[in-house]
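Peer 1: Can you read through this structure? Questions will come right after.
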Amino acid sequence: MTGGASAQSPLQAGETKILRGIVVEAVTGNALSGVHIYAKVAHDGEVSDVKGKFIMRVHPQDTLVITSVGYDRQIVPLVYFRDRTIDILVQMQSSVIELPGITIHGQPNVEHLERSGKNPYKLYEFRPPAEHPGLDVPIGSTDYGPLSRWGKEAKEKRELLKIYGNASRDRTFIQTVTSDSVVQVFMYRYDISESQYNDFIIYFNSLNLTMNMQDPKDIVRAMHVAFLNYRPNKE
């Protein structure tokens with residue numbers, strides 16, 4: 001089996017139907033916004049608007065996966081609908097879903113490597129050491145002046161800071177994509193297995209996307225966008 005966006009050809013307009021729907025709370029009948037509707041075969045997703053409405057193209061043999069935080073997931077097969085345009089009313093039953101938490105790891109303390117001062121790159125005009133003591137920087141100082149800026153120790157500290165920064169971004173990325181809560185959300189929302197999720201992460205890693213690697217929310221948003229461009233392997 002092969003994964004990735006090329007595993008299946010894109011659906012043609014003649015192979016799709018128009019799906020229109022309204023999502024409401026089952027007890028009150030109030031419209032629900034922000035409900036995620038995912039079509040597994042068409043491999044497309046929509047979110048209900050403030051009036052609970054949504055519209056999207058689906059495959060005639062499609063299956064909808066409808067999810068929202070605090071409500072039971074609904075699986076809706078569309079094979080029984082014969083018309084070219086499908087109109088549905090989705091009634092969501094409230095529930096409590098407890099997902100595993102994310103473990104937060106503290107970042108290493110690298111303050112001793114930082115240059116002090118509001119403008120550490122400022123080059124002061126030359127004055128005798130008596131008038132400007134910071135000009136003569138002793139070994140181990142973080143108060144980099146113009147004479148120590150390009151010294152061996154200063155360069156080594158800057159390089160070490162860069163290594164710490166890269167390691168921190170890598171650690172945040174790995175913790176995010178492997179956290180139980182993120183895995184469960186993707187398996188729940190897109191109705192995929194853990195094995196299919198792992199295949200997706202391999203694909204996601206190959207994209208080299210530009211994102212804030214230190215913000216888990218930014219990483220997860222990029223994952224959702226990438227998933228809709230990815231075709232999960234069939235099991």
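Peer 1: Has the stretch 59-66 got any residue that is within 29 Å of the chain's Cα centre (by Cα), within 19 Å of residue 227 (Cα to Cα) and not in a strand (DSSP E or B)?
Peer 2: Yes, the stretch 59-66 contains at least one residue that is within 29 Å of the chain's Cα centre (by Cα), within 19 Å of residue 227 (Cα to Cα) and not in a strand (DSSP E or B).
Peer 1: Here's a follow-up. What's the total number of residues in the stretch 214-232 that are buried (at least 16 other Cβ atoms within 10 Å of the Cβ) and in a loop (DSSP other than H, G, I, E, B)?
Peer 2: 3
Peer 1: Quick one: in the stretch 28-45, of everything that is assigned to a loop (DSSP other than H, G, I, E, B) and among the small types (Gly, Ala, Ser), which residue is farthest from residue 59 (Cα to Cα)? So that I can check it myself, show each step before the final result.
Peer 2: Step one: list which residues in the stretch 28-45 are assigned to a loop (DSSP other than H, G, I, E, B), which gives 28-30, 32-35, 40-43.
Retained after the next criterion (residues that are among the small types (Gly, Ala, Ser)): 29, 33-34, 42.
Numbers: 29: 28, 33: 24, 34: 23, 42: 6 Å.
This residue is 29.
Peer 1: Return the pair list, or none, for Cβ contacts closer than 8 Å from residues in the stretch 43-55 that are of a type in the set (A, V, I, L, M, F, W, C) to residues that are crowded, with 19+ Cβ neighbours inside 10 Å and assigned to a loop (DSSP other than H, G, I, E, B), at least 6 apart or on different chains.
Peer 2: 47/35; 54/35; 54/48
Peer 1: Working only within the stretch 178-213, note down all residues that are exposed (fewer than 15 other Cβ atoms within 10 Å of the Cβ), over 14 Å from the mean Cα position of the chain (by Cα) and not in a helix (DSSP H, G or I).
Peer 2: Listed by number, the residues that qualify are 193, 206.
Bear in mind that the values in this text are calculations on the coordinates, not laboratory data. Since this is a predicted model, take the numbers as computed values, not measurements. Note that each Cβ is placed from the backbone with ideal geometry, even for glycine, and that neighbours are counted across all protein chains shown.
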